[in-house]
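The values are calculated or read from the model by the stated rules, or taken from the named source; none is laboratory data. Note that the structure is a prediction, hence the values are computed from the model and not measured. Positions of Cβ are generated from backbone atoms using ideal geometry, with glycine treated the same way; all protein chains shown enter the neighbour counts. Keep in mind that these areas ignore ligands, DNA and RNA; they rest on the heavy atoms of the full protein, side chains included. Shrake-Rupley method; radii C 1.70, N 1.55, O 1.52, S 1.80 Å.
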Amino acid sequence: MTATDDYAVQIALKRGLLTAAQLESAQQSAAAHPGLPSAAPGVLDILTQEGVLDQTVLGRAVAEEFGMPWVSLAGLQIPPEHLRALPRSFVIEHNVMPFAREKGVLRVAVGDPIAVDVIDSLSYVAGIVVQPVLASPGDIRQAIARHYSREVADQGSAFAAEPTPVPVATSGEEGQASDRDAPIIKLVRSLMAEAIRRRASDIHLEPLERRFRVRYRIDGVLLEVDSPPKRLQLAVISRLKIMANISIAEKRVPQDGRIQINLDGRSLDLRVSSLPTAHGESIVMRILDKEGLKLGLPELGFLPDDQKIFERLIASPDGIMLVTGPTGSGKTTTLYASLHLLNQPDRKILTVEEPVEYQISGINQVPVNAAIGMTFAAALRALLRQAPNIVMVGEIRDLETAEIAINASLTGHLVFSTLHTNDAPSAITRLIDIGAKPFLVAAALRSVMAQRLVRRTCRACQRAYTPSVRELHALGLPPAQLAGASFTHGAGCAVCHGTGYHGRMGIFEIFPVHDGIRAMIYDNVTAARLRVQARQDGMRTMREDGIRKVLAGLTTIEEVVTVTVGDPL
């Protein structure tokens, strides 16, 4: 089936106009029909020919789903002045029909609701405002034959317009696309390409009551962009679900998939999540750019002194290295960058992840699948029989995983993992809270690093400025620290799309676990006492690391205050 036919069938199923058994029977009949695919009847043809579906009833249902009016052209006499609104060649080529004009708006019947290029060009060709109205493609062809004195062959499927002259997508991930599918393919591809061009980390497609909103998350902030019309919502979402290899028939439960695409010579993975909402399925695509894995520690935001400390810690032969922070704080990127640095031919590195976000050459990566019993704990237990040197566990969530990770670190493995805590010392009490024994935590843990992400000041429009007394007070900066400071902010330009920021970097809180801290962990002291001792030992807080980067002109006071507002000093 073509994309348009497929949408029509799904709508028929959704509205109870068609049963699954009837669809299966028609699919079997279509598959068994001899001859060339172009000459064989499609599934929708068979359903209408056998009287299972009424073309008018189905057409009205499709029109309602796409938010378009429906018109029947059968027997309608159209005045010549309306016919002259569009060139005869255009009408015949694209199977459209001007049929009425009201208050300066030309109403044009179209047979394919997803022929975006054709619909969008109607106003340009006619020179006036056009309202597209859905009609049966067969009715349109007959109306053209009556009014333009030219017979038009009644070919094509029961609910597909004549092919529109647009380029056929030929890239590998698009598969065998037909001309009539190309407008939606081009639209979806353009949404992705624009997101990549603007360095978005996520694409959000959100069905609202009266519109179909598209937003990009850029540098951690959601920005709304030009969105497709509401009538294309179903077509766009279905196209994305097909690309992600998830069911377009299932719209009642959340689904997850993955898209691999090549854009501008770059290979990208998109992790796709669909969620049923009141006005349709919401789609979020997480863009996984493999180029980000090649970042060095300075690109992550480490200043030279912290970079030396971090490199020394991850070079440990064994023990646990934890990275903590809320969702979206860059923990996974930091771990992958660390693995990339340690990925040498003489080391075997294994990871357990849910899901595997980035595929790294030379590293064995195992996806978690709880449905078949492949939990973090089960996968980690199996991994240790593979004799690795370094193991990464996506997240320590329960006692079983924590105990296996601790035992692995005590038997000569270096283990990387993450926890969701607000600061570094709290990771220790978190491990103990989930049931890990304090003396084992003390023996296994080598270091904890908490982090957040702040936006970098755009270098293209960066300007020096003098902060107000209120801003300086917000950071708690004494006058002595202001000597040699270089405060900057972005004025807004084309590079940063007027935001004043371009890219992000981390601010860090590095907490090495030495003998004194181990003794305190063994005594099961509170996180507050651990933090006091760490500060006495010279640990900088995330707020303090952020202040250093503000004074160096790398970010702004507003960014640091926003992301560290709840962090203890």
Would you check if there is a residue in the stretch 226-235 being in a strand (DSSP E or B) and touching a helix residue (DSSP H, G or I) at 6+ places or on another chain (Cβ under 8 Å)?
-> no
When the stretch 469-494 is checked residue by residue, the ones that are at pLDDT below 90, hydrophobic (A, V, I, L, M, F, W, C) and open to solvent by 60 Å² or more (accessible area, probe 1.4 Å) are 469, 480, 483, 494
Subset of the stretch 308-324 [assigned to a helix (DSSP H, G or I), closer than 16 Å to residue 539 by Cα and open to solvent by less than 40 Å² (accessible area, probe 1.4 Å)] | 310, 313
Pair list, Cβ < 7 Å and 6+ apart or interchain, from the stretch 215-242 residues that are under 23 Å from residue 260 (Cα atoms) to residues that are at pLDDT 90 or above and of a type in the set (S, T, N, Q) = 217/201; 241/274
Find the residue count for the stretch 388-413, including only residues that are under 18 Å from residue 342 (Cα atoms), open to solvent by 20 Å² or more (accessible area, probe 1.4 Å) and modelled with pLDDT of 90 or more.
-> 3
Evaluate the stretch 273-282: report whether one residue or more is in contact (Cβ under 8 Å) with a residue 60 or more places away in the chain, out of contact with any helix residue (DSSP H, G or I) (no Cβ under 6 Å at 6 or more places or on another chain), assigned to a strand (DSSP E or B) and of a type outside the set (Lys, Arg).
-> yes
Hey, does the stretch 371-386 have a residue that's open to solvent by 10 Å² or more (accessible area, probe 1.4 Å), at pLDDT below 90 and at positive phi?
-> yes
When residues of the stretch 419-440 are limited to those that are open to solvent by 10 Å² or more (accessible area, probe 1.4 Å) and among the β-branched types (Val, Ile, Thr), the one farthest from residue 528 (Cα to Cα) = 434
Consider residue 405 carefully, then state whether it is of a type in the set (Gly, Ala, Ser) and farther than 22 Å from residue 317 by Cα.
-> no
Which one is least open to solvent (accessible area, probe 1.4 Å) among residues in the stretch 243-283 that are within 22 Å of residue 9 (Cβ to Cβ), at pLDDT below 85 and not hydroxyl-bearing (Ser, Thr, Tyr)?
-> 248
Note on the stretch 188-210: residues in contact (Cβ under 8 Å) with a residue 60 or more places away in the chain and either of a type in the set (Asp, Glu) or assigned to a loop (DSSP other than H, G, I, E, B) (or both) are 198, 199, 202, 206, 208, 209
Please indicate, with yes or no, whether at least one residue in the stretch 507-516 is in contact with a strand residue (DSSP E or B) (Cβ under 7 Å, 6 or more places away or on another chain), in a loop (DSSP other than H, G, I, E, B) and touching a residue at least 24 places away in the same chain (Cβ under 8 Å).
-> yes
The one condition residue 522 fails out of (1) open to solvent by less than 70 Å² (accessible area, probe 1.4 Å); (2) touching a residue at least 60 places away in the same chain (Cβ under 8 Å); (3) more than 26 Å from the chain's Cα centre (by Cα); (4) at negative phi is (1)
Considering the stretch 526-569, residues that are of a type in the set (D, E, K, R) and in contact with a Lys or Arg (Cβ under 6 Å, 6 or more places away or on another chain), and then whichever is farthest from residue 505 (Cα to Cα), we arrive at 567
Counting only residues that are at pLDDT 90 or above, surrounded by fewer than 18 Cβ atoms within 10 Å (Cβ to Cβ) and within 22 Å of residue 287 (Cα to Cα), the stretch 335-364 contains a total of 1
Reported set for the stretch 423-446 where residues are at negative phi and not in a helix (DSSP H, G or I) is 423, 424, 425, 434, 436, 437, 445, 446
Flag if residue 466 is of a type in the set (Ser, Thr, Tyr) and at pLDDT below 90 | yes
Quick one: what pairs do we get from the stretch 254-265, first residue at negative phi and free of Cβ contacts under 8 Å to residues at least 40 places away in the same chain, second open to solvent by 90 Å² or more (accessible area, probe 1.4 Å) and outside any strand (DSSP E or B), C-beta under 6 Å, 6+ apart or different chains?
-> 257/245
Residue in the stretch 441-457 that is within 39 Å of the chain's Cα centre (by Cα), of a type in the set (Ser, Thr, Tyr) and surrounded by fewer than 19 Cβ atoms within 10 Å (Cβ to Cβ) present | no
